[in-house]
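Below: the structure, in structure tokens.
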Amino acid sequence: MNSLVSYDWLSEYVDLKKVTPEELAREMSLSGPAVEKIFPQGEELEKIVVGRIVEIKPHPNADKLRLVEVDVGEKSSQVLSSKSKKHSALGTRRSGFLKIVCGGSNIKKGQWVAVALASARVRWHGQGEPVMLEPTEIRGVKSAGMICAADEIGLGAAFPHAEREILDLGSALNASDSALVLKPGIPLADLLGLSDDVVMDIEVTSNRVDAMGMVGLAREAAAILNKKFLWKPVSGKKFPISNFQFPIKISVKKLCPRYMAARIDGVKVESSPWWLKRRLLSAGLHPINNIVDITNFILLELAQPMHAFDADALDGGIDVRLARRNEKILALDGKEYALDDEALVIADAKEPVAIAGIMGGEKTGVTGKTASIILEAATFDPVSVRRTSRRLNIQSDSQLRFEKGLSPEAPPFALARAVELVLELAGGKLAGAPSDARAEKTKPAVFSITVDEVNSLIGVNLPQKTMVDILRRLGFEVSTKGKMMKAAVPWWRDHDIESGRDLVEEIARVYGYGKIPAIIPFGLATRPLASLLLWEDRLREISKGAGCIETYSYSFVSKDLLDKAGYDSAGMLHVLNPLSEDLAVMRTTLLPSLLQTASENREREPVLRLFEIANVYYPPTSRLSGTGPKDKRWKDLPDERSELGALFMGMGDSWKVAKGYVEHLLHEMGIEKVSWRRLANDEFWHPGRTVQAFVDGGLVATVGEVSPKIAANFKLEQRVALVDMPLLSVVRHAVLKKRYVPVPLFPPAKRDLAVIVDSHVEFDDMAEAMKKADGLIKTVEWFDTYSGKNLPDGKKSVAMHLEFSSPEKTLESKEVDSAMENAVLALKEKFKAEVRG
């Protein structure tokens, strides 16, 4: 998760007086959250200054335009004159004053305005890309600048306005911004405090939710730079002692470890002061009103989400409970959500008023009419928040933090800070001490580690004093006894630090990974890859060399996809909380995924050669059958098996191409003694165009054409061939190191043979019988099978090429004839074969 962080804001919590933004970014990136980019602030406001209207006259040629004389300070008018001598006399009546044509509906004498000088960049009426401003003539009168609306200079989110209204700085920067001094001619960026600030885009890892707030980042910076940490929490002593407490009930304590609330009466809801708006805008949030802005400010400052309810819109107290079936809520995003009985909600006596940890309801939202508020600071179960967010398809800044896990010790600090700001910016009075309901008190985890362990794991000999200092700078409470160090985990890291090894990581990163010497390990740097992994890589190379394209698909598939492919998902592993129904089942085969890929690409690529190598998943019970590891530690985990799947389409007899592909793979793996058997009675495969390969009686591949019915389910009109290879079964027969033999010195002799045999006879059995019959027969290659007309029922004709050779001499015709007779005799004796004429 990335956070936008103002350098100026960060410096309020850590001493950065002698640290430039670039130095901070470099050191933070080396030891903590990485700074990806730095954005200078105020660049859009270059050449835009503060001006004061001193005179307004009617435009001679336009009723809606006015001729406005503006005091922009002597320096600003001189800059304008030097930019364009042609317009200088027309643009200034006297030093420090400009004549500007303006159509603003709310201009008045004495008004403080934003004036864009020549070369400033503005968006006309807040639309389109910025354009460079030049002195120009408007309806016959020359104008030396532009009096700007807020959205024309990128400030529309901070200062909303009606159409044709210009930015009135006097009213926009209200009384609570008394520190801002309006003066003609000062750059607007200087007035707004943007000139000396930059915003850093910082990547914060998901385990460091504390660093998603300014205080957490400041603590990191202080530890890494060894600078003073300036933040002080608001004291809870500011809360009055009173018998009144807002009623809170936690019905599901497992999902809500802590819930705090405070009531403040007599608040005034209005626009926030500029300093608060500026902080929100720097982080990418839009200001709304002072109450809502304060809750967002706390989220950014302390990484603790908060919410404010309109107290008068609540019916009774708060109940943190599960939603009831068919309950609905209209949320602050204007959408109505149907809730189920697994969604945690904040409810009053009648109905849900917020989706816990995600978003509040519109009914109890704070508006300009709100006079009393309830401030909420709570902790919710991260898994519950995440699941509800995914089911409802709703995201928020609060949800992104809650689902990562927040400490139940954070709400008191956030609530105290929020109360302080509300009383300061919105007035009002606390009705009583905050209500605090929690499941149970938590104790900080304590981990121990020795100095020697730290130095051994880091590879650098650090003194114990340095280690203790680093941990204490990070907020750990450390005690020592000899070389043993005990560290109590601070509450803001209670979801992150899980063992003593984590303490070693903290010491190493703050010390500086760059300071650890780079030493090449002695001996073997890596373990040899397992045979299966080596063959997976090798098979990828072979398949690509054969013209195939590798595909990648999800290990999770839908029940609908399996149904289309004719697979029953009942015996497969089902995901308990799938992201969607398309990812609900763990696949036991790659073939449906390949068919789906072909279907999605059929119109663009009519000819396809695809393959995928990936794991498939069987229920843990399959381990009992001897297919998986017997270690009891794995008994509840899926049985993962590596598989190769391939698809061939648009090549006529694609299944023959597929069989050739498998033969090529097996040959490259050094597997030569392969027997093939026809596969029948399988509804997925074509009954007459599917075979299986066996080695030593074990199945190593199934190759064939998919049945027309299955192909039609995927809208595949061409013949489609598939390959299914269980790699674990194949690899056990593979030869990793190739054995090379000399090229034969003498040419081979070749003969063709066609015989009639029973239909059930397999070609591989015939080939093996012929090779055994005579040692001169080196290869037997099938090239045709025929059955039908002119052949008896139950018979088939098999034609083959035979190759004869000897390593000692060139064979004579009589020697080849003798070997041929031996081959035919073997076929007659074993299979009752008849030679075709």
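The values are calculated or read from the model by the stated rules, or taken from the named source; none is laboratory data. What you are looking at is a predicted structure, and each value in this text was computed from that prediction instead of being measured. Cβ placement follows ideal geometry from the backbone for every residue including glycine, while neighbour counts extend to all protein chains displayed. The accessibility values were calculated without ligands, DNA or RNA, using every heavy atom of the protein model including side chains. Shrake-Rupley method; radii C 1.70, N 1.55, O 1.52, S 1.80 Å.
Run the numbers for Asp201 and Glu74: contour at 0.36 nm per residue of separation, minus the present Cα-Cα distance, in nm. That pair, Asp201 and Glu74, stretches by 41.9 nm at full extension.
The angle between the Cα long axis of helix 531-545 and the longest principal axis of the Cα atoms of the chain comes to about 90 degrees, rounded to the nearest 10. Note on the chain: dipole from Cβ charges, positive end direction compared against Gly73, Val234, Asn681; the farthest Cα belongs to Gly73.
For segment 536-629, the set of chymotrypsin sites (Phe, Trp or Tyr not before Pro) satisfying both a DSSP loop assignment and a count of at most 14 other C-beta atoms within 10 Å is given as Tyr552, Tyr554.
Using only alpha carbon pairs under 8 Å that are at least six residues apart, calculate the relative contact order of the chain and give it in whole percent. Walk me through the numbers before you get to the answer.
On the way: 1659 pairs, mean separation 70.5, N = 837.
So the answer I get is 8 percent.
If R0 equals 51 Å, the separation of the Cβ atoms of Thr480 and Thr779 corresponds to a calculated FRET efficiency of about 0.05.
Of all DSSP beta bridges in the chain, what percent run antiparallel (nearest 5)?
Within the chain, antiparallel bridges account for around 95 percent of the total.
Net charge dipole, segment 535-687: roughly 460 debye, given to the nearest 20, about the Cα centre with Cβ charges of +1 for Lys and Arg and -1 for Asp and Glu.
Assuming a ≥ b ≥ c are the square roots of the Cα gyration tensor eigenvalues, decide whether segment 719-837 counts as rounded (a/c under 1.5), prolate (otherwise, with a/b larger than b/c) or oblate. In terms of gyration-tensor shape, oblate.
A simple spin-label model places the labels of Lys369 and Lys350 1.4 nm from each other, with each point 7 Å out along Cα-to-Cβ. The distance from the alpha carbon centre of segment 285-319 to that of segment 671-723 is 63 Å, rounded to a whole number.
Subtracting the Cα-Cα distance of Lys814 and Asn615 from their residue separation scaled by 0.36 nm leaves 66.2 nm.
Cross-link list Lys363/Lys443; Lys17/Lys483; Lys108/Lys183: which exceed 29 angstrom alpha carbon to alpha carbon? Walk me through the numbers before you get to the answer.
Values: Lys363/Lys443 38 Å; Lys17/Lys483 37 Å; Lys108/Lys183 17 Å.
Pairs exceeding 29 Å: Lys363/Lys443; Lys17/Lys483.
Trypsin sites (Lys or Arg not before Pro), restricted to segment 300-376: which are DSSP loop and have at most 16 other Cβ atoms within 10 Å? Mind showing how you got there, number by number?
Details: sites: Arg321, Arg324, Arg325, Lys328, Lys335, Lys350, Lys363, Lys369; in loops: Arg324, Arg325, Lys335, Lys350, Lys363, Lys369.
Listed in order of number, the matching sites are Arg324, Arg325, Lys335, Lys350, Lys369.
Compared with the alpha-carbon gap, the fully stretched path from Glu603 to Asp340 is longer by 90.5 nm at 0.36 nm per residue. With log10 I(q)/I(0) by the Debye sum over Cα atoms at q = 0.07, 0.08 Å⁻¹ in mind, check [x] -0.59, -0.78; [y] -0.82, -0.95; [z] -0.66, -0.80 and report the label derived from this structure. Among [x] -0.59, -0.78; [y] -0.82, -0.95; [z] -0.66, -0.80, the one derived from this structure is [y]. Using the Cβ-Cβ distance between His664 and Ala34 with R0 = 35 Å, the FRET efficiency computed as 1/(1 + (r/R0)^6) comes to roughly 0.15.
Computed about the Cα centre, the dipole magnitude for segment 221-341 is approximately 760 debye when only Lys and Arg (+1) and Asp and Glu (-1) carry charge, each at its Cβ.
The average projected area of segment 735-775, computed from the convex hull of its Cα atoms over all directions, is 5.3 nm². For the chain, the longest principal axis of the Cα atoms and the long axis of helix 382-392 meet at an angle of about 80 degrees.
Largest to smallest in accessible area, the residues Asp765, Asp563 fall in the order Asp563, Asp765 (1.4 Å probe, all protein chains included). Taking the charge dipole of segment 290-449 about its Cα centre, with +1 at Lys and Arg Cβ atoms and -1 at Asp and Glu Cβ atoms, the residue from Phe297, Ser448, Thr388 reaching farthest to the positive side is Ser448. Think of segment 294-385 as having a plus end and a minus end, set by charges on the Cβ of Lys, Arg, Asp and Glu; of Ala377, Gly317, Leu330, Leu330 sits farthest toward the positive end of this dipole.
Within the same chain, aspartates and glutamates fewer than 8 places from Lys778 are excluded, and of the rest, those with a Cα less than 12 Å from its Cα are Glu768, Glu803. Taking other residues whose beta carbon is less than 11 angstrom from the beta carbon of Thr442, and scoring Lys, Arg as +1 and Asp, Glu as -1, yields +1. Cross-link reach is defined here as a Cα-Cα straight distance under 25 Å, omitting same-chain residues fewer than 8 places apart; for Lys709 the lysines meeting it are Lys559, Lys564, Lys656, Lys659. Once the Cα atoms are used to define both axes, helix 21-31 deviates from the longest principal axis of the chain by about 40 degrees. Within segment 526-620, the ratio Rg/Rh, alpha carbon atoms throughout and Rh by Kirkwood, equals 1.03. For segment 355-402 versus segment 725-756, the spacing of their alpha-carbon centroids is 68 Å. Peptide packing for 659-672, 415-428 was compared via the average number of neighbouring C-beta atoms within 10 Å per residue; ordered from the highest value, the list is 415-428, 659-672.
With +1 on the Cβ of every Lys and Arg and -1 on the Cβ of every Asp and Glu, and nothing else charged, how large is the dipole of the chain about its Cα centre, in debye rounded to the nearest 20? Can you show the working numbers first?
Numbers: 112 positive and 113 negative charges, 333 e Å.
Its charge dipole is roughly 1600 debye.
How large a share of the accessible area of the chain, in percent, is made up of carbon and sulfur atoms when the probe is 1.4 Å and the other protein chains stay in place? Intermediate results must be reported in sequence, preceding the final value.
Values: 21980 of 42780 Å².
Roughly 51 percent, rounded to a whole number.
When you count, for each residue, the other Cβ atoms within 10 Å and take the mean per peptide, how do 312-318, 295-301, 786-792, 54-60 rank with the highest first?
Working: 312-318: 16.7, 295-301: 23.4, 786-792: 10.3, 54-60: 13.3.
Output ranking for 312-318, 295-301, 786-792, 54-60: 295-301, 312-318, 54-60, 786-792.
Please calculate how many Å² of accessible area the chain carries per residue, with a 1.4 Å probe and no DNA, RNA or ligand atoms counted.
On the way: 42780 Å² over 837 residues.
Each residue of the chain exposes 51 Å² on average to a 1.4 Å probe.
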